Amino acid sequence: MGLTRVRAVFFDLDNTLIDTAGASRRGMSEVIKLLQSKYHSKEEAEIICEKVQVKLSKECFHPYNMCITDLRTSHWEEAIQETKGGKDNRRLAEECYFLWKSTRLQHMSLAEDVKAMLTELRKEVRLLLLTNGDRQTQREKIEACACQSYFDAIVVGGEQKEEKPAPSIFYHCCDLLGVQPGDCVMVGDTLETDIQGGLNAGLKATVWINKSGVMPLTSPIPHYTVSSVLELPALLQNIDCKVSLSM
(Lines give C-alpha, C1' and ligand atoms only; values in the text may rest on other atoms or scores of the structure.)
Protein backbone atom coordinates (compact mmCIF):
# COMPACT_ATOMS: atom_id res chain seq x y z
CA MET A 1 0.00 0.00 0.00
CA GLY A 2 1.47 3.38 -0.98
CA LEU A 3 1.99 6.03 1.65
CA THR A 4 -0.57 8.80 1.52
CA ARG A 5 -0.63 12.35 2.78
CA VAL A 6 -3.17 13.38 5.38
CA ARG A 7 -6.51 13.95 3.68
CA ALA A 8 -8.78 14.47 6.69
CA VAL A 9 -8.58 15.58 10.30
CA PHE A 10 -11.14 14.57 12.94
CA PHE A 11 -11.42 16.96 15.89
CA ASP A 12 -12.87 16.31 19.30
CA LEU A 13 -14.93 19.25 20.63
CA ASP A 14 -14.81 19.49 24.44
CA ASN A 15 -11.53 20.79 25.87
CA THR A 16 -9.94 20.39 22.43
CA LEU A 17 -11.58 23.17 20.41
CA ILE A 18 -13.60 24.81 23.19
CA ASP A 19 -12.86 25.26 26.89
CA THR A 20 -15.74 23.19 28.26
CA ALA A 21 -14.09 22.76 31.66
CA GLY A 22 -13.63 26.52 32.04
CA ALA A 23 -17.22 27.21 30.95
CA SER A 24 -18.46 24.62 33.47
CA ARG A 25 -16.47 26.27 36.27
CA ARG A 26 -18.10 29.59 35.46
CA GLY A 27 -21.51 27.91 35.57
CA MET A 28 -20.71 26.37 38.96
CA SER A 29 -19.61 29.72 40.41
CA GLU A 30 -22.98 31.21 39.42
CA VAL A 31 -24.81 28.33 41.12
CA ILE A 32 -22.66 28.77 44.26
CA LYS A 33 -23.91 32.39 44.43
CA LEU A 34 -27.52 31.23 44.03
CA LEU A 35 -27.23 28.52 46.71
CA GLN A 36 -25.37 30.85 49.04
CA SER A 37 -28.23 33.35 48.86
CA LYS A 38 -30.65 30.50 49.63
CA TYR A 39 -28.75 28.75 52.45
CA HIS A 40 -26.51 31.62 53.71
CA SER A 41 -23.54 29.28 53.67
CA LYS A 42 -20.85 29.39 51.01
CA GLU A 43 -19.39 26.16 52.36
CA GLU A 44 -22.64 24.21 51.86
CA ALA A 45 -23.10 25.76 48.40
CA GLU A 46 -19.60 24.61 47.42
CA ILE A 47 -20.17 21.10 48.82
CA ILE A 48 -23.36 20.74 46.74
CA CYS A 49 -21.54 21.83 43.57
CA GLU A 50 -18.61 19.48 44.28
CA LYS A 51 -21.03 16.57 44.66
CA VAL A 52 -22.66 17.44 41.33
CA GLN A 53 -19.23 17.62 39.69
CA VAL A 54 -18.52 14.06 40.85
CA LYS A 55 -21.89 12.84 39.55
CA LEU A 56 -21.23 14.50 36.17
CA SER A 57 -17.81 12.87 35.92
CA LYS A 58 -19.30 9.41 36.48
CA GLU A 59 -22.25 9.98 34.20
CA CYS A 60 -20.73 8.74 30.95
CA PHE A 61 -20.05 5.24 32.28
CA HIS A 62 -23.61 4.00 32.04
CA PRO A 63 -26.22 4.26 29.32
CA TYR A 64 -29.04 6.43 30.54
CA ASN A 65 -32.67 5.75 29.88
CA MET A 66 -34.00 9.19 30.73
CA CYS A 67 -33.54 12.51 28.99
CA ILE A 68 -30.43 14.46 29.91
CA THR A 69 -32.44 17.30 31.52
CA ASP A 70 -34.09 14.89 33.98
CA LEU A 71 -30.83 13.08 34.64
CA ARG A 72 -28.84 16.23 35.36
CA THR A 73 -31.61 17.85 37.39
CA SER A 74 -31.60 14.71 39.55
CA HIS A 75 -27.83 15.16 40.12
CA TRP A 76 -28.56 18.55 41.70
CA GLU A 77 -31.56 17.22 43.60
CA GLU A 78 -29.51 14.37 45.10
CA ALA A 79 -26.57 16.66 45.93
CA ILE A 80 -28.86 19.13 47.74
CA GLN A 81 -30.54 16.33 49.67
CA GLU A 82 -27.22 14.67 50.59
CA THR A 83 -25.91 18.00 51.91
CA LYS A 84 -29.03 19.62 53.40
CA GLY A 85 -31.43 16.71 53.97
CA GLY A 86 -35.16 17.17 53.50
CA LYS A 87 -37.25 16.60 50.40
CA ASP A 88 -38.95 18.73 47.74
CA ASN A 89 -35.75 20.12 46.33
CA ARG A 90 -36.82 19.53 42.73
CA ARG A 91 -37.64 23.14 41.90
CA LEU A 92 -34.35 24.44 43.32
CA ALA A 93 -32.52 21.61 41.56
CA GLU A 94 -34.07 22.67 38.23
CA GLU A 95 -33.07 26.28 38.89
CA CYS A 96 -29.48 25.20 39.63
CA TYR A 97 -29.27 22.99 36.56
CA PHE A 98 -30.61 25.60 34.13
CA LEU A 99 -28.39 28.34 35.60
CA TRP A 100 -25.30 26.12 35.30
CA LYS A 101 -26.23 25.03 31.79
CA SER A 102 -27.09 28.49 30.41
CA THR A 103 -23.96 30.09 31.94
CA ARG A 104 -21.84 27.27 30.57
CA LEU A 105 -23.26 27.65 27.05
CA GLN A 106 -22.71 31.44 27.14
CA HIS A 107 -19.00 30.84 27.69
CA MET A 108 -18.54 28.24 24.97
CA SER A 109 -16.92 29.74 21.91
CA LEU A 110 -14.25 29.08 19.35
CA ALA A 111 -11.31 31.39 19.95
CA GLU A 112 -10.39 33.63 17.01
CA ASP A 113 -7.03 31.87 16.52
CA VAL A 114 -8.80 28.48 16.47
CA LYS A 115 -11.26 29.74 13.82
CA ALA A 116 -8.36 31.03 11.73
CA MET A 117 -6.54 27.70 12.04
CA LEU A 118 -9.62 25.69 10.98
CA THR A 119 -10.24 28.02 8.02
CA GLU A 120 -6.64 27.60 6.80
CA LEU A 121 -6.54 23.84 7.37
CA ARG A 122 -9.75 23.33 5.45
CA LYS A 123 -8.09 24.68 2.31
CA GLU A 124 -5.77 21.66 2.41
CA VAL A 125 -7.70 18.83 4.11
CA ARG A 126 -11.25 17.84 4.99
CA LEU A 127 -12.33 18.55 8.55
CA LEU A 128 -14.81 16.62 10.69
CA LEU A 129 -16.04 17.23 14.23
CA LEU A 130 -16.35 13.98 16.20
CA THR A 131 -17.78 14.39 19.69
CA ASN A 132 -19.05 11.87 22.23
CA GLY A 133 -22.03 12.56 24.43
CA ASP A 134 -25.76 13.01 24.65
CA ARG A 135 -27.31 14.28 21.43
CA GLN A 136 -29.13 17.28 22.94
CA THR A 137 -26.17 18.40 25.07
CA GLN A 138 -23.62 18.23 22.26
CA ARG A 139 -25.90 19.85 19.66
CA GLU A 140 -26.53 22.74 22.08
CA LYS A 141 -22.76 23.23 22.47
CA ILE A 142 -22.22 23.09 18.70
CA GLU A 143 -24.94 25.72 18.29
CA ALA A 144 -23.52 27.88 21.11
CA CYS A 145 -20.00 27.99 19.70
CA ALA A 146 -21.28 28.33 16.11
CA CYS A 147 -18.71 25.90 14.72
CA GLN A 148 -20.81 24.20 12.00
CA SER A 149 -19.43 26.29 9.15
CA TYR A 150 -15.83 25.20 9.84
CA PHE A 151 -16.45 21.50 9.18
CA ASP A 152 -17.32 19.27 6.26
CA ALA A 153 -19.29 17.01 8.62
CA ILE A 154 -20.28 16.74 12.29
CA VAL A 155 -20.76 13.41 14.08
CA VAL A 156 -22.24 13.19 17.60
CA GLY A 157 -21.62 9.93 19.46
CA GLY A 158 -25.06 9.94 21.10
CA GLU A 159 -26.66 9.78 17.64
CA GLN A 160 -24.66 6.70 16.57
CA LYS A 161 -24.79 3.02 17.55
CA GLU A 162 -21.41 3.33 19.27
CA GLU A 163 -19.26 6.22 20.51
CA LYS A 164 -15.49 6.73 20.57
CA PRO A 165 -13.36 4.61 21.09
CA ALA A 166 -15.40 2.09 19.01
CA PRO A 167 -13.89 1.72 15.51
CA SER A 168 -17.37 1.81 13.91
CA ILE A 169 -17.87 5.55 14.55
CA PHE A 170 -14.47 6.33 12.97
CA TYR A 171 -15.34 4.22 9.91
CA HIS A 172 -18.65 6.10 9.67
CA CYS A 173 -16.67 9.39 9.66
CA CYS A 174 -14.39 8.06 6.91
CA ASP A 175 -17.44 7.07 4.83
CA LEU A 176 -18.94 10.55 5.23
CA LEU A 177 -15.78 12.18 3.88
CA GLY A 178 -14.97 9.49 1.29
CA VAL A 179 -11.56 8.74 2.80
CA GLN A 180 -9.74 5.71 4.23
CA PRO A 181 -8.70 5.41 7.92
CA GLY A 182 -5.06 5.57 6.77
CA ASP A 183 -5.73 9.07 5.36
CA CYS A 184 -6.98 10.49 8.66
CA VAL A 185 -5.67 12.06 11.86
CA MET A 186 -7.63 12.18 15.15
CA VAL A 187 -7.05 15.16 17.44
CA GLY A 188 -8.39 15.15 21.00
CA ASP A 189 -7.70 15.62 24.71
CA THR A 190 -8.88 12.24 26.03
CA LEU A 191 -6.60 9.21 25.83
CA GLU A 192 -9.36 6.64 26.53
CA THR A 193 -11.70 7.82 23.74
CA ASP A 194 -9.93 10.03 21.20
CA ILE A 195 -6.51 8.38 21.14
CA GLN A 196 -7.58 4.78 21.85
CA GLY A 197 -10.34 5.16 19.26
CA GLY A 198 -7.98 6.45 16.60
CA LEU A 199 -5.60 3.56 17.30
CA ASN A 200 -8.47 1.02 17.26
CA ALA A 201 -9.63 2.28 13.86
CA GLY A 202 -6.13 2.25 12.36
CA LEU A 203 -5.96 5.95 11.60
CA LYS A 204 -2.78 7.39 10.13
CA ALA A 205 -2.00 9.28 13.35
CA THR A 206 -3.41 10.33 16.71
CA VAL A 207 -2.63 13.72 18.26
CA TRP A 208 -3.17 14.14 21.99
CA ILE A 209 -3.82 17.63 23.40
CA ASN A 210 -2.06 17.52 26.77
CA LYS A 211 -2.55 20.88 28.47
CA SER A 212 -1.23 19.71 31.84
CA GLY A 213 2.18 18.62 30.55
CA VAL A 214 2.00 15.48 32.72
CA MET A 215 2.77 12.38 30.66
CA PRO A 216 0.69 9.25 31.32
CA LEU A 217 2.45 6.09 32.44
CA THR A 218 -0.10 3.77 30.82
CA SER A 219 -1.28 3.11 27.29
CA PRO A 220 -2.72 4.18 24.93
CA ILE A 221 0.33 5.97 23.58
CA PRO A 222 -0.52 8.73 21.08
CA HIS A 223 1.60 9.15 17.95
CA TYR A 224 2.06 12.84 18.78
CA THR A 225 1.51 15.04 21.84
CA VAL A 226 0.99 18.82 21.74
CA SER A 227 0.04 21.31 24.46
CA SER A 228 -2.39 23.25 22.25
CA VAL A 229 -4.54 22.51 19.23
CA LEU A 230 -2.85 25.51 17.57
CA GLU A 231 0.32 23.43 17.16
CA LEU A 232 -1.52 21.15 14.74
CA PRO A 233 -0.78 22.85 11.36
CA ALA A 234 2.99 22.61 11.89
CA LEU A 235 2.61 19.01 13.04
CA LEU A 236 0.56 18.06 9.95
CA GLN A 237 3.28 19.52 7.72
CA ASN A 238 5.76 17.38 9.61
CA ILE A 239 3.64 14.22 9.09
CA ASP A 240 3.28 14.98 5.35
CA CYS A 241 7.00 15.74 5.11
CA LYS A 242 7.85 12.34 6.58
CA VAL A 243 5.61 10.72 3.98
CA SER A 244 7.34 12.42 1.05
CA LEU A 245 10.77 11.59 2.46
CA SER A 246 9.93 7.89 2.79
CA MET A 247 8.32 7.53 -0.66
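The values are calculated or read from the model by the stated rules, or taken from the named source; none is laboratory data. Just so you know, these numbers come straight off a predicted model, no measurement behind them. No Cβ is skipped: glycine too gets one built from the backbone with ideal geometry, and neighbour counts run over all protein chains shown. Only protein heavy atoms, including side chains, enter the accessible area calculation; ligands, DNA and RNA are left aside. Shrake-Rupley method; radii C 1.70, N 1.55, O 1.52, S 1.80 Å.
The separation of segment 3-29 from segment 60-139, counted between C-alpha centres, amounts to 14 Å.
If a/c stays under 1.5 just call it rounded; otherwise compare a/b with b/c (prolate if a/b is bigger, oblate if not). Do that for segment 21-107, with a ≥ b ≥ c from the square roots of the Cα gyration tensor eigenvalues. Oblate is the answer for segment 21-107, as a/c is 1.5 or above yet b/c matches or exceeds a/b.
Can you tell me the accessible area per residue over the chain, all protein chains present, probe 1.4 angstrom, in square angstrom?
51
Per-residue ellipticity at 222 nm, computed for the chain from helices alone with -39500 (n - 2.57) per DSSP H run of at least four residues, works out to -16000 deg cm²/dmol. Annotation for segment 118-180: trypsin sites (Lys or Arg not before Pro) lying in DSSP loop with at most 13 further Cβ atoms inside 10 Å of their Cβ are 123, 161. Remark: relative contact order (segment 21-107) = 44 percent; criterion is Cα-Cα distance under 8 angstrom and separation of 6 or more residues. Need one word for segment 26-166: rounded, prolate or oblate. Basis is the Cα gyration tensor (sqrt eigenvalues a ≥ b ≥ c); a/c below 1.5 gives rounded, then a/b vs b/c decides. Note, shape of segment 26-166 comes out prolate. Rounded to the nearest 10 degrees, the inclination of helix 112-121 to the longest alpha-carbon principal axis of the chain is 30 degrees. Taking all protein chains as shown and a probe of 1.4 angstrom, residue 226 keeps an accessible surface of around 10 Å². Label zone of residue 30 (point 7 Å out along Cα→Cβ, amide N under 12 Å): in segment 104-128 this covers 104-108.
Here segment 21-107 has 50 percent of its accessible surface on carbon and sulfur atoms, given a 1.4 Å probe and all protein chains in place.
In degrees from 0 to 90, rounded to the nearest 10, what is the angle of the helix 20-39 Cα long axis to the longest principal axis of the chain? Rounded to the nearest ten degrees, it is 0. Residue 79 sits among other residues whose Cβ lies under 12 Å from its own Cβ, and their net charge, with Lys and Arg +1 and Asp and Glu -1, is -2.
Past 18 Å, Cα to Cα, is the threshold; run 51/164; 58/87; 33/84; 38/87 against it and keep the listed order. With Cα atoms farther than 18 Å apart: 51/164; 58/87. Quick one: angle between helix 68-84 and the longest Cα principal axis of the chain, in degrees between 0 and 90, rounded to 10, please. The two axes meet at around 50 degrees.
Subtracting the Cα-Cα distance of residue 106 and residue 43 from 0.36 nm times their residue separation leaves 20.1 nm of extension gain.
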